[in-house]
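S.K.: Attaching a single structure in structure tokens format; questions to follow.
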Amino acid sequence: MTGLEILMGVGGGLVLALAGGLFWLDRQFEEPSAKRVVSVAGALGAKSVLAVFAHPDDEQLIAGLLIRAVQKDGAVTRMITATKGEAGTPLPQISRLEELGTIRHAEVLKNGYALGIHEQLVWDYPDGGLVDQDFEILVARVQDQIKAWHADLIISFWPASGFSDHQDHKTIGAATVEAVKRMRAIDPDTAPKAIAYILAPCAMMQRLGGALGKRVVANQPAPTHAMPGEGWAKIRGWDNHASQKGYVQKTYGMPPSLIHRLYDKEHYYVEEF
Ligand SMILES: [Zn+2]
């Protein structure tokens with residue numbers, strides 16, 4: 001064997017190992033037991049979709065659902081973001097720290113527009129402090145908005161796990177479920193027909209997510225639906241969320257351009273009434 005042949009052999013082995021590694025990683029983001037659908041909104045016959053989240057950039061998790069609801073099903077999409085995300089860590093820092101909330105408020109409006117969201121509200125609850133607020137008032141506000149917008153499909157976080165165990169996520173999820181429950185008790189005909197909870201990918205969280213990942217998996221249900229995640233929109237979304245652009249690299253050790261090609265689906269637990 002010449003030196004060149006040895007070198008080519010080693011190089012080929014490395015390429016194979018890398019390809020195998022990427023294939024394995026890709027599998028960690030799949031949920032084979034979930035029903036595959038083209039669009040969750042379409043599968044449920046929804047025409048008025050409302051996402052209720054805690055922070056600017058939470059909507060990145062459901063970009064596929066929002067885009068496809070508009071483009072494939074002719075639905076109207078709307079979103080509430082309960083806080084301005086002022087307590088987040090800027091990655092990179094692109095503004096004075098005391099103005100981070102203003103910047104992130106603008107970023108979520110910009111990304112919402114890019115996703116085709118028809119109307120958006122960004123409330124002024126304190127980032128990181130949603131759990132300390134008056135729960136009854138929060139429920140009433142969500143309820144009023146569902147009513148005003150005649151929403152038939154609600155998207156939020158599963159209250160026990162919040163996708164990442166973030167207390168704000170769990171609180172907004174709990175308030176949203178409570179709002180829907182109360183509306184259904186008053187008048188099932190005008191209340192939402194379903195809630196779709198965005199779930200974290202189980203295998204990835206279990207194997208690579210540390211103690212937090214295991215906690216999330218233990219507290220969330222198995223997904224009922226899987227749909228294309230429109231990774232290109234999420235990659236673009238991190239440009240819109242410029243103050244959070246480095247977050248994916250820091251969390252996954254990979255750039256958005258790679259992670260959103262591996263993590264290419266969205267998984268939901270759908271509760272139909
Ligand atoms: Zn969040």
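The values are calculated or read from the model by the stated rules, or taken from the named source; none is laboratory data. On a predicted model such as this, the values are computed, not experimentally measured, just so you know. Positions of Cβ are backbone-derived with ideal geometry, glycine not excepted, and every protein chain shown enters the neighbour counts. Ligands, DNA and RNA are excluded from the accessible area calculation, which covers all protein heavy atoms including side chains. Shrake-Rupley method; radii C 1.70, N 1.55, O 1.52, S 1.80 Å.
S.K.: Tell me, what is the per residue accessible area of the range 31-272 in Å², probe radius 1.4 Å?
M.R.: Averaged over the residues of the range 31-272, the accessible area is 42 Å².
S.K.: Still on this model: Given springs between every Cα pair under 10 Å in a Gaussian network model of the chain, which of GLY12, GLY64, GLY162 has the largest fluctuation?
M.R.: Maximum among the listed residues: GLY12.
S.K.: What number comes out for the charge environment of PHE135, summing +1 per Lys or Arg and -1 per Asp or Glu over other residues with Cβ under 14 Å away?
M.R.: Here the count lands on -1.
S.K.: Which value at 222 nm does the chain reach when only helices count, each DSSP H run of 4 or more adding -39,500 (n - 2.57), with the total divided by all residues and rounded to the nearest 500 deg cm²/dmol?
M.R.: -14500 deg cm²/dmol, from helical runs alone.
S.K.: Report, in listed order, any pair from LYS35/LYS234; LYS72/LYS245; LYS147/LYS245; LYS181/LYS234; LYS214/LYS265; LYS110/LYS245 with a Cα-Cα distance greater than 26 Å.
M.R.: Correct reply: LYS72/LYS245; LYS147/LYS245; LYS181/LYS234.
S.K.: Within 10 Å, Cβ to Cβ, of THR190, how many net charges do the neighbouring residues add up to if Lys/Arg are +1 and Asp/Glu are -1?
M.R.: Computed value for this residue: -1.
S.K.: Around ALA226, with a cut-off of 15 angstrom between Cβ atoms, what is the net charge of the other residues, counting Lys and Arg +1 and Asp and Glu -1?
M.R.: Every neighbour counted, the sum reads -1.
S.K.: Ok, one more. Looking only at GLY129, GLY237, GLY85, which one moves most when the chain is put into a Gaussian network model with springs between Cα atoms under 10 Å?
M.R.: GLY129
S.K.: Additional query: Looking at the chain as a GNM with Cα springs under 10 Å, which of ASN219, ASN111, ASN240 has the largest mean-square fluctuation?
M.R.: Of ASN219, ASN111, ASN240, the most mobile in the Gaussian network model is ASN219.
S.K.: Another question, then. What helices in the chain pass both tests, a Cα length along the helix axis of 27 Å or more and a mean Kyte hydropathy of 0.0 or higher, using whole DSSP H runs?
M.R.: 3-27
S.K.: Using the Cα gyration tensor of the range 31-272, with a ≥ b ≥ c the square roots of its eigenvalues, what is the shape: rounded (a/c below 1.5), prolate (a/b larger than b/c) or oblate (neither)?
M.R.: Here the range 31-272 falls in the rounded category.
S.K.: If I compute solvent accessible area with a 1.4 Å probe over the protein chains, what percent of it on the range 31-272 is carbon and sulfur?
M.R.: Carbon with sulfur: 54 percent of the solvent-accessible area.
S.K.: Kindly work out what percent of the DSSP beta bridges joining two residues of the range 31-272 are antiparallel, to the nearest 5.
M.R.: Once the DSSP bridges in the range 31-272 are tallied, antiparallel ones form about 30 percent.
S.K.: Here's a follow-up. Among the trypsin sites (Lys or Arg not before Pro) within the range 68-143, which fall in a DSSP loop and have no more than 15 other Cβ atoms within 10 Å of their own Cβ?
M.R.: Here the trypsin sites (Lys or Arg not before Pro) that fit, given the DSSP loop and packing criteria, are LYS72, ARG96.
S.K.: Hey, another quick one. Taking the alpha-carbon centroid of each part, what is the distance from the range 183-254 to the range 98-159 in angstrom?
M.R.: Rounded to whole Å, the Cα centres lie 16 Å apart.
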